[in-house]
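The values are calculated or read from the model by the stated rules, or taken from the named source; none is laboratory data. From a predicted model like this one, the values you see are computed outputs, not experimental measurements. Note that we place each Cβ from the backbone using ideal geometry, even for glycine, and neighbour counts take in every protein chain shown. To get the accessible areas, we keep the full protein, side chains included, count just its heavy atoms, and leave off ligands, DNA and RNA. Shrake-Rupley method; radii C 1.70, N 1.55, O 1.52, S 1.80 Å.
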Amino acid sequence: MAKNLALKAARAEKDLTQKDLAEQVGVSRQTINAIEKGEYNPTIRLCLKLCWALGKHLDDLFWEDENNEED
């Protein structure tokens, strides 16, 4: 699983710490850290909560980039 840099960037745009975001969506700071590091695959419900908290769409935060796809 790849790092979720989009989540980290969106969190930074809102000037939120991992702890702030975790409290908003009802998880631990460690969970947010694990998602950003690509060590945890969140449920769709958690993905949606994160999107709502950050004012983003699912595609913005959780869509896999297809740059590795061969022509």
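Quick look at the values:
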| item | result |
| --- | --- |
| Of all residues making up the range 1-13, the number that are assigned to a loop (DSSP other than H, G, I, E, B) and within 17 Å of LEU58 (Cβ to Cβ) | 3 |
| Positions within the range 49-65 being open to solvent by 60 Å² or more (accessible area, probe 1.4 Å) and of a type in the set (A, V, I, L, M, F, W, C), in sequence order | TRP52, LEU58, TRP63 |
| Considering residues of the range 14-25 that are farther than 17 Å from LEU58 by Cα and in contact with a Lys or Arg (Cβ under 7 Å, 6 or more places away or on another chain) only, the residue least open to solvent (accessible area, probe 1.4 Å) | ALA22 |
